[in-house]
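First up is the structure itself, then whatever we jot down about it.
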Amino acid sequence: MAPALGLLCADPEARQELALLAGEAGYGVLPAGRLEDMLDILRERRPDAVLVADAEGDDAALNAREVLRAAPTLPVVAAARRRDASRAVELMRLGVCEVIPPPWTRENAQACLDKALASAGTVVSLRPRPQPRRLPLYFLALAGFLALCFGVLSTRHAAQEKAQKAARVDFWDVPYRHPAGLAFDGKDLWAADWFAQSFYVHSLPDLKIARTVHYTNQTPLGILFAQGEAWRLSASGLITRGVNDDNLTPLQKYRTDPGTVSMAFDGLYLWTLDNRRVLHQHILDVDLTEIASYRCPDPDPTAVVYDGKTLWLLDSSDRELVRLNLQRPDEAVGFLPLAEYADGRYRPVGLAWDGRNFWTIGEKIPHGSGPARIFRHPAGGSRP
């Protein structure tokens, strides 16, 4: 069953647009043009979340306050018609969970709505739970027989999977020695080498170098691909937002802390990690305004990545991945040890996520003494 979303928007065209986006994101929409109508919906239907518009004719601050007064535990999301960092901060201080930035797209709406429901602890079931019933004896016998067959097949499958895993290559040596960052663009892996002042583009699955992007006046530390754009980070703290084309054509530049070492994007906010163990949360406005900062819970974070659900840090000293609480990024909620680095021959410095697996790049120990190595880490469960 799809989660129910209350939608409060006075403008009929904007209300129809938001309802369409929410519907495409998998939500059942309960629209209302007036606050009084939305309060009636809250009393009668009790939606899983409420979306309020912040545009001409709508005061999201007032509407959110009244909705939260009627249903204090209900997650409220605001849809902003114009980019305004101070307005977004004001709404979040009033209790709004997320702010959908313009332009309104299905991806932006889904990311914000899903995060709001996750933060509220909402569990959505796609099918009703079967009610327990008593089975006749022969059904129990049949179930036992099927369980035995399933056990035999599972054992065979596990043996085959183990043999395939043993034959699979999970690391590749690369022809450069000073890696600084790693990213996935949806098709290829991009590795930064600060000494060569270049990005090396590795094609999957063999990780052969497809091309090299060189910069003569910058020292690249990393790159991030998000919303069809490429964000480059240099050692000077310069972040360059550009077109995701062959030349990474620049569109806008931002000045950040020279100690910035990595970036991640969670669908709404840009996160930057600096070498003082601090995570910074930014709104994607013209100034890349910082709205919050958090002390990292691990001793030596060198990279940050978003896996579609939460943020992960790469801890270079402990050689592990640290899963963060997205609502409280200074809190670790899980750890994934990187056994590939246990022998101490490499130091992990870059981290990427391809939708199925984590990837890291490590520099040879001692520093620069040999070729760097890229590792693939199947995303198993992390320990708490």
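Numbers at a glance
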| item | result |
| --- | --- |
| Net length gained if the chain between Arg65 and Glu13 were fully extended (0.36 nm per residue, minus Cα distance) | 16.3 nm |
| Label-point separation in nm, Leu251 to Ala342, each point 7 Å along Cα→Cβ | 4.5 |
| Residue-count net charge about Glu24 - beta-carbon cut-off 14 Å; Lys, Arg +1, Asp, Glu -1 | -2 |
| Leading residue at positive end of dipole, segment 171-378 (Cβ point charges), from Tyr294, Leu204, Val305 | Leu204 |
| Extension reserve of the Ser317-Arg93 stretch, reckoned as 0.36 nm per residue once the Cα distance is removed | 77.0 nm |
| Long-range amide H partners of Leu311 with built H, under 5 Å | Leu324, Leu326 |
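Bear in mind that the values in this text are calculations on the coordinates, not laboratory data. Quick caveat: nothing in here was measured; it's all calculated off a predicted structure. Note: ideal-geometry Cβ built from the backbone for every residue, glycine included; neighbour counts use all protein chains shown.
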